[in-house]
Structure formats: structure tokens, C-alpha cells
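**Q** This is the structure I have questions about; it appears just below.
The values are calculated or read from the model by the stated rules, or taken from the named source; none is laboratory data. All figures in this text were calculated on a predicted structure; none of them were measured in a lab. Note: ideal-geometry Cβ built from the backbone for every residue, glycine included; neighbour counts use all protein chains shown.
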Number of protein chains: 2
Amino acid sequence: MAKPRGNCLVAQSGGPTAVINSSAAGVIQEALKQKLGRVFAARNGILGVLREELFDAGAEGAAAIEALRRAPSAALGSCRFKIKSLEESRAHYDRILEVFNAHDIRYFFYIGGNDSMDTADKLAQLARQVNYELIVMGVPKTIDNDLAHTDHCPGYGSVAKYMATTAMEAGLDTEALYTADTCTVMETMGRNAGWIAAATGVAHRTEQDAPHLVYLPEVPFSIEKFVADVKDCLRRIGRCFIVAAEGIADASGQYIADQGASAFGKDAFGHTQLGGVGDVLKTIVEQQVRAKCRSVRPSTAQRVAEHFASKTDSDEAYLVGKKAVQLAAAGTSGYMVTLIRKSSSPYRCTTGMIELAQVANADRKVPRDWINDAGNHITPELRDYIIPLMRGEVKTQIGRDGLPVYVRLQRRLLEKNTPEYKA
Amino acid sequence: MAKPRGNCLVAQSGGPTAVINSSAAGVIQEALKQKLGRVFAARNGILGVLREELFDAGAEGAAAIEALRRAPSAALGSCRFKIKSLEESRAHYDRILEVFNAHDIRYFFYIGGNDSMDTADKLAQLARQVNYELIVMGVPKTIDNDLAHTDHCPGYGSVAKYMATTAMEAGLDTEALYTADTCTVMETMGRNAGWIAAATGVAHRTEQDAPHLVYLPEVPFSIEKFVADVKDCLRRIGRCFIVAAEGIADASGQYIADQGASAFGKDAFGHTQLGGVGDVLKTIVEQQVRAKCRSVRPSTAQRVAEHFASKTDSDEAYLVGKKAVQLAAAGTSGYMVTLIRKSSSPYRCTTGMIELAQVANADRKVPRDWINDAGNHITPELRDYIIPLMRGEVKTQIGRDGLPVYVRLQRRLLEKNTPEYKA
């Protein structure tokens, strides 16, 4: 596509990460450098576009934009707002183009996962249909690391580093107190793919080191096998640190987190499930292994732990944002930037690109042969894959109170140029 | 007391912290320097003494002992084993002296909290009664910060820094996604005292910053008031990040964590409570405020987060260990080393000492006038108290895999010189 004249828009979508702001910084700085008109941002992703809640990212100032490289969560604002197909949700797509047109937006950079790439793809299609000149580029982001066609996803290296470290530290806690608190279960994010749980396996440098057992959604979970695994671990080293992805499920596909009642009967668990899979496994350990068990659930804190983010991850997040703009400035549209690993040792990584539609309709699970035969830990291949992504630490600015200083953007909304719209 | 000839023993007790090993390093290094005989350590606290499971800390090597200053959890091993009064548990105390005598232990340094100081005090009493020459010194340790007669407790500054940072980061997550996940509850440790929950309040630098509501055990908790607080916060800023200590209780003293069934009836919650107070509050928010709520429970990970420990805390932990040995070498016995704050700004702190018996029978809660009138946040006085304790970062050694490297001691057990003893 020829390089259109007009303005840029960048938006963030889905679950925050430690480095999605680094991608935003890459987009904004490069767009300003390439002089692609004014650089706007949407507040709260596509929801902000629908509501015409836009702000001038360039007006935030160079220091604030640079500080995004060391700021967690989604500083532009994010959303969980899935837009369906062009047929089902045509009004939404029309509205988006209405807002784009009102602000002469000709470049759209969408930082997100599967659903966001789908939205971006549909939008690009519609723009072509209605002859609205628009360049659309996707910037990958997800802690879940489950986007297809890219070696890994920005956001993953940081959650991997933090959760492996947390397993290591909480594992040492269990090691010190095993005479009282013998077992610990840590629950990680990961509904469909076990990449985060898998990363904690790297902390298991020796037999003594936590985690001793790691369960991923990729392997059907059996309570009987789990109880046997824990008992075996207790026999060998007298304690057991367990990591389980929130999405582990039995052979029939039922989530273990939902199995409280069926596994133990109503009298034991009641009707409403509080807590998650970690609490279910804790109860299994206490009732069936008869060992005291603790449950750790970092929850959202795991994906925004900037204070121990991976520098490799942060730098790559910046790179894919910058690269998306460079490609757009050269007239490329309808692609997501990818990461291509050239070598693991020494680690070398470059960027590529893939059509948005191909990303939207695929996902990527942990390969079965990167999980051990017993289905309760990772293999050396998986370690070698993950380790380079966790290397280096982002230098956090620390305030006079001993706590990190993270930038908050002003986000002064532009005047609205279109009719009121409810979204 | 005259300075006896003989050996030293150091032991750790109770919940691990990020800096209890720093105290052990202070004791061991200073005892070696003062040439107080051989420097032994007990594996797993007083349990290791009873079982005569001792090892030569000096034999671990200077590098390993120095590395303890940057290692989380309790490297000597810890335990939860409460010994009662001399009358009730005389056999235990006799056994301890039997083991001490077998290894000519004349200096005992016990790093722990209330219960440990009580045990140390009783042991000192019995030693006097039976004319066993023994110097006993207590080294304070507790993340709960609830020991009396000391300005603060080693271990607290680090958990404070980590949990305030976690509230800040997870708070930014809620801020980015408030259109979907509007509220978040983070549960902190603290059964009887709210110091840890209080520390997170420091992250609330502006009205926008999390946490917006902080609940401590020191103020009776009302569900009605809580629901009103959350609704008010949502009206003001559209989201709400809540921190609650695990020990919050209603006016009758019943823990909120135990109130699932009574607050909602069996049909809603069932009989067995999974999860903790965070999950109860999450359910209240979802049922009574009708807002989506997340629950974060760092659990044991909070107290051993070495990767973001406070340098001030770590240095003071080392200092109290070293000081205990210096006092012992001068013939002092029956005291715990304390921290005395000379000034908050600039922060200056020195050591003092207090009789073990006085520590054993007191605790220290957050003063009511350091909590706001509404009982849902901290006052500036409390901020000023906490901030100096969180300053500085411990430099963690990072391995080739991007994860911290923490020392594990060899702990080669000494040959046993006493009859078999079951404990």
C-alpha cells in the first residue's frame, strides 16, 4: 500500500503485562520519528475508539513516553471487548472507521493477542471494502505465550522470570518449614496453554529445588496420579512444592478448579467454589496425602511484576512496536510483527511478520515432547527455550519512599467530532 | 555473667523471612571473629536441638556465610515447635541442656519471635537453676512486626517493600482493566497485627493510586461498612483496589475468613471454607456491590521475596545478629537485641536490649491513631514510620538462567553424643 498522509492511532488490548507499555513506547517514539502525522492513543483499547476517547500520545512529552519502557500494566488503558465477525458486528466496525475518519487516522497499531489481531484483520478488510485508506499493523502481546507463528510473545519472558523466582523463593520457605508446612501449591495463569507454569520448572536446578511437580493444561490431569506423585516426592525429599496452571483439566476436559464438589462431595466442599485450582489441590493434599499444604496465588500480580521484569523481554517488546511502525511507514498493512529466534546459545532473535488472519485463527500450546513422560515436569528442551527470554533485569526507578516510580499518562481526551455512541 | 569457655549455637525459628539469614550471618561471622569456640547451628530450630541435629556453621566456609546475607527463607532450617512452661515441658528443657552439654555449648543465639524469646528465657532460667553455665541471647525476627520493646522487627521492612510494590503493580492492572475487572482484593499476612497490610498503604501516593482501602485486624470489620466503602470508591474513581490482613475480624472477634457460611448461607458458600479472607471479600464485592472482583494471595511468597528485599532491613537484620554476639562476648545474657529509632528524617537507628521475659509476654499492634478515622486506610504518621524501613534494594546475584542464585548450606550433621530422643 502507498504510504498515506494522516495520523496514527495506537491502542492496547486484553490483559496487562510488564512490557506492553514498552511496545507502546516503541510505536509512539518511532511514529514521531517517522513523522506519521499526529500520534494518538485510544483510552482503553477498542472501547476507547468506539467511544471516541482518544488522546494525543505525542503531547505526553518525551520523558513520559520513555518512562513507559519501565512501567507495568497498560498505561493507555486496556479492555476486554471482543468484536465478532464483520457480519455479526458490522456496526462496531463502521463506528471505528467513523472515528478514524473524524481524526484522519490512517495508521492503526494494535497491541494485543489473538482477539485483537482478529479485530485488526476485520478492520483492515472493511477499510479496503469501503475504500478508506488505512494501514493496520499488529503488535504481539500476551503473557500466555500462545500466539502462533512467533517464536515467543512479549510479556512472557517477564512473567516467566517472576514466577520462576517466586517458585524458588516460596520453595525455600517450604524447605525451611517442612516439619510444619510440608507442601505448597502455587497456581499460575494459563487457561489453555501451560507456558507460565512451565517456566517455573527452570527454578528446579537440582532435585532439592522447587518446583518438584509442574502440571500443565496440555496433559490430562488425574487426581489419583497427582496424589501418587506428591507421596513419592515426600518419600524422596520430605517436602513438595507444586505448580499448577489454572487451566489443568481431567481427561474429559473438565477443569480441576471446578471439581471441588464432584471430587469430595457437597459436604466437604459445598456448592460455590471459592479460590482456584490451587485451593482444590491444597485440599486434595490435605485430605488424601494427609500433609499440611499452603496455597499461593499471585493472580494479576504475576503479569505486571515490573520490579523484576526481564530486560530481554522488555527490549523485544519495544522492538516489535518500533518495527510495526517501520513496516507501516514502508506501506505494509495487515500483518503482525513476529519474533524469530536465530539461535538459543548465544541467544539471537530478529523480527518477521505474519498475516493477521493467520494469527487470529491459531494458537500454540506447549509441545507434548517438551513435557516429561510422567506429565509432571518440563524437559531440558523447554528449559533451553525459556531461559534466554528471562535474562536481564529492567532497571526500575525507585522513589524516596523505597518503592518503584511508574509513570501515569495524562491522557487528556481530544474533543469529540462524532455523534454520541454507547459502547 | 563471666564469659564462659565453650562453643556457640545459633538457631532460627518460626516463619521464614527475607532477612533472617542475614541475622544468622551476623551471628556466625561475629562469633568466629570473637573466637567463641566452635560455631554450631541447629537444623530446624529447637527441634534440631532436641533431636541433636547440629552442624558446624563455621565449616560451611566464609563465602557461604557471606552469601546468607542475600538469601531468603531460613537456611539453617526452621520449625514451629512451641515449648511450654518449665513446669509443663521440663523434659524438653532438660533435653536441650543435655544436648548443649554434650557439645559444650555455652552461648545460645535464638533468632525468632515471641515464642522463641519465651523458650530462650525459660532455658536461661533452668540453666541458672542447675548451674549450667550458659549465655542466652535473643535476635528479633518477624515479618509481623509485633514484638514489643523494639521500634520495628527485622523482616518487616522487606515484606513491607514487596507488598507495597505488589499492591502498586496489581493496582495498575486493575486501573488498566477497570472496564472488565473493576475491583481487586489482596490478602496479606497478619493474624493479630496489621503492620503488613498497613505498609501497602504507602503505595497510595495519590487518590488514583492503589490501595484505595486498607483493612487491619486492629479495627473491627463490618461487612455493611465495607460494601459502602467499595461503592463510594467506585463512584469516585471507577475502580477499587482493596488490601485486607488475613486476621480481620468483626466486632465479636470472629474472623471474616471464617464467615463465608454465616454471611451468605450454606447455599452460597457451603460448609468448608476454601481460600482465605480475600476470597470472602471478593465474593462480597461480587454479590453485594455487583462488581467483578479479582483476588490476589501472595501467601508465603510475600515473606521471602529476596529479589526485592529492603537493604535497610537486611542490614539491620545483620546488625542485630552481630550485636547479640558482641553483648554475649561481654558477658550479657537473658536479653533480646532491640532496634531504637533515633530519627525518621534522616533515618537513624541504633540497637538496645530488653529482657527476654518482657518480650515474651507482650505484643504490639498498630496504634489506632495511625489508622484513619474511617478505619479503612493509614495516616501520614504510619507512612513516616514505615518508609525508612523499605529503603534500598538488596543486590541479588543472578545466574546464567536469569534467575537469582541463593546459597544452600551443606548442613553436615555432627555425630550424636547423646541417647536417641524422639521429638
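**Q** Using the structure shown, decide if B:C240 is crowded, with 24+ Cβ neighbours inside 10 Å, modelled with pLDDT of 95 or more and away from chain A (no Cβ under 13 Å).
**A** Spelling it out, B:C240 is indeed crowded, with 24+ Cβ neighbours inside 10 Å, modelled with pLDDT of 95 or more and away from chain A (no Cβ under 13 Å).
**Q** Quickly run through region A:192-205 and pick out the residues that are polar (S, T, N, Q) and outside any loop (DSSP other than H, G, I, E, B).
**A** A:T200, the sole residue that qualifies.
**Q** While we're here: Run down A:E175, A:E187 and say which single residue is out of contact with any strand residue (DSSP E or B) (no Cβ under 7 Å at 6 or more places or on another chain), closer than 16 Å to A:V296 by Cα and of a type outside the set (G, A, S).
**A** The conditions single out A:E175.
**Q** Could you tell me how many of the residues in region A:279-288 are closer than 13 Å to A:A257 by Cα, more than 8 Å from chain B (Cβ to nearest Cβ) and out of contact with any strand residue (DSSP E or B) (no Cβ under 7 Å at 6 or more places or on another chain)?
**A** So the answer is 1.
**Q** Let me confirm something: among B:V159, B:V139, which residue is modelled with pLDDT of 95 or more and closer than 30 Å to B:Q208 by Cα?
**A** Checking each option against the conditions leaves just B:V159.
**Q** Return yes or no: is A:L123 more than 21 Å from A:K322 (Cα to Cα), outside any helix (DSSP H, G or I) and out of contact with any Asp or Glu (no Cβ under 9 Å at 6 or more places or on another chain)?
**A** It is false that A:L123 is more than 21 Å from A:K322 (Cα to Cα), outside any helix (DSSP H, G or I) and out of contact with any Asp or Glu (no Cβ under 9 Å at 6 or more places or on another chain).
**Q** Still on this structure, please answer the following. Looking at (1) assigned to a loop (DSSP other than H, G, I, E, B); (2) touching a strand residue (DSSP E or B) at 6+ places or on another chain (Cβ under 9 Å), find the lone condition where B:V10 falls short.
**A** (1)
**Q** Could you check, for region A:331-339, whether at least one of its residues is polar (S, T, N, Q) and either within 14 Å of chain B (Cβ to nearest Cβ) or more than 30 Å from A:V49 (Cβ to Cβ) (or both)?
**A** no
**Q** From the list A:T418, A:T396, A:T338, A:T332, which residue is in contact with a His (Cβ under 8 Å, 6 or more places away or on another chain), part of a loop (DSSP other than H, G, I, E, B) and at negative phi?
**A** Residue meeting the stated conditions: A:T396.
**Q** Which residues, counting only those in region B:206-238, are under 26 Å from B:N192 (Cα atoms), in contact with a helix residue (DSSP H, G or I) (Cβ under 8 Å, 6 or more places away or on another chain) and part of a loop (DSSP other than H, G, I, E, B)?
**A** If the condition is that a residue be under 26 Å from B:N192 (Cα atoms), in contact with a helix residue (DSSP H, G or I) (Cβ under 8 Å, 6 or more places away or on another chain) and part of a loop (DSSP other than H, G, I, E, B), then B:A210, B:P211, B:H212, B:L216, B:E218, B:V219, B:F221 are the ones that fit.
**Q** I've got another one for you. Going through region A:52-72 one residue at a time, which ones are surrounded by fewer than 20 Cβ atoms within 10 Å (Cβ to Cβ) and more than 19 Å from A:G14 (Cβ to Cβ)?
**A** A:D56, A:G58, A:A59, A:G61, A:A62, A:A63, A:A64, A:E66 - these are the residues of region A:52-72 that are surrounded by fewer than 20 Cβ atoms within 10 Å (Cβ to Cβ) and more than 19 Å from A:G14 (Cβ to Cβ).
**Q** Could you tell me which numbered condition B:S22 fails, if it satisfies all but one of (1) surrounded by 20 or more Cβ atoms within 10 Å (Cβ to Cβ); (2) over 21 Å from the mean Cα position of the chain (by Cα)?
**A** Single failed check for B:S22: (2).
**Q** For B:V49, indicate whether it is under 25 Å from A:D181 (Cα atoms), free of Cβ contacts under 8 Å to residues at least 60 places away in the same chain, buried (at least 22 other Cβ atoms within 10 Å of the Cβ) and hydrophobic (A, V, I, L, M, F, W, C).
**A** Considered against the rule, which asks whether it is under 25 Å from A:D181 (Cα atoms), free of Cβ contacts under 8 Å to residues at least 60 places away in the same chain, buried (at least 22 other Cβ atoms within 10 Å of the Cβ) and hydrophobic (A, V, I, L, M, F, W, C), B:V49 comes out as yes.
**Q** Regarding B:R408, is this residue over 21 Å from B:S343 (Cα atoms), out of contact with any His (no Cβ under 6 Å at 6 or more places or on another chain), within 14 Å of another protein chain (Cβ to nearest Cβ) and at pLDDT 95 or above?
**A** Spelling it out, B:R408 is indeed over 21 Å from B:S343 (Cα atoms), out of contact with any His (no Cβ under 6 Å at 6 or more places or on another chain), within 14 Å of another protein chain (Cβ to nearest Cβ) and at pLDDT 95 or above.
**Q** In addition: Look at A:A357 and say whether it is assigned to a helix (DSSP H, G or I), in contact (Cβ under 8 Å) with a residue 40 or more places away in the chain and buried (at least 23 other Cβ atoms within 10 Å of the Cβ).
**A** no
**Q** Which one is farthest from the other protein chains (Cβ to nearest Cβ) among residues in region A:289-308 that are among the aliphatic types (A, V, I, L, M) and out of contact with any Gly (no Cβ under 8 Å at 6 or more places or on another chain)?
**A** By that ranking, first place goes to A:V289.
**Q** Among all residue pairs at least 6 apart or on different chains, which show Cβ distances below 6 Å where the first residue, located in region A:77-106, is within 14 Å of another protein chain (Cβ to nearest Cβ) and the second is assigned to a helix (DSSP H, G or I)?
**A** Here the result reads A:G77/B:A176; A:S78/A:G45; A:S78/B:A176; A:C79/A:G45; A:C79/A:L47; A:F81/A:I46; A:F81/A:L47; A:K82/A:D115, each pair linking region A:77-106 to a residue that is assigned to a helix (DSSP H, G or I).
**Q** Going through region A:310-324 one residue at a time, which ones are within 13 Å of another protein chain (Cβ to nearest Cβ) and touching a strand residue (DSSP E or B) at 6+ places or on another chain (Cβ under 7 Å)?
**A** Passing the criteria: only A:K311.
Here's the yes/no breakdown for (1) away from chain A (no Cβ under 12 Å); (2) under 22 Å from B:T119 (Cβ atoms); (3) charged (D, E, K, R):
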| residue | (1), (2), (3) |
| --- | --- |
| B:S343 | yes, no, no |
| B:P346 | no, no, no |
| B:A362 | yes, yes, no |
| B:K365 | yes, no, yes |
| B:I378 | yes, no, no |
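**Q** Using the structure shown, decide if A:A374 is within 30 Å of A:Y178 (Cβ to Cβ) and surrounded by fewer than 17 Cβ atoms within 10 Å (Cβ to Cβ).
**A** Yes.
**Q** Out of the residues in region B:153-189 that are surrounded by fewer than 24 Cβ atoms within 10 Å (Cβ to Cβ) and more than 9 Å from chain A (Cβ to nearest Cβ), state the one that is farthest from A:P16 (Cα to Cα).
**A** Here the residue is B:M189.
**Q** Hey, any hits in region A:53-70 for a residue that's among the aromatic types (F, W, Y), over 18 Å from the mean Cα position of the chain (by Cα) and closer than 25 Å to A:V304 by Cβ?
**A** Yes.
**Q** From the residues in region A:110-127 that are in contact with a Ser or Thr (Cβ under 6 Å, 6 or more places away or on another chain) and among the hydroxyl-bearing types (S, T, Y), which one is surrounded by the most Cβ atoms within 10 Å (Cβ to Cβ)?
**A** Applying the filter and picking the extreme gives A:S116.
**Q** Working only within region B:365-376, note down all residues that are touching a helix residue (DSSP H, G or I) at 6+ places or on another chain (Cβ under 6 Å) and within 16 Å of B:V243 (Cα to Cα).
**A** B:V366, B:N376
**Q** Criterion first (away from chain B (no Cβ under 14 Å), aliphatic (A, V, I, L, M) and within 21 Å of the chain's Cα centre (by Cα)) does A:A197 satisfy it?
**A** For A:A197, the condition - away from chain B (no Cβ under 14 Å), aliphatic (A, V, I, L, M) and within 21 Å of the chain's Cα centre (by Cα) - is met.
**Q** So A:T150 clears everything in (1) polar (S, T, N, Q); (2) surrounded by 24 or more Cβ atoms within 10 Å (Cβ to Cβ); (3) touching a Pro at 6+ places or on another chain (Cβ under 7 Å) except one condition, right? Which one?
**A** (2) is the only condition that A:T150 fails.
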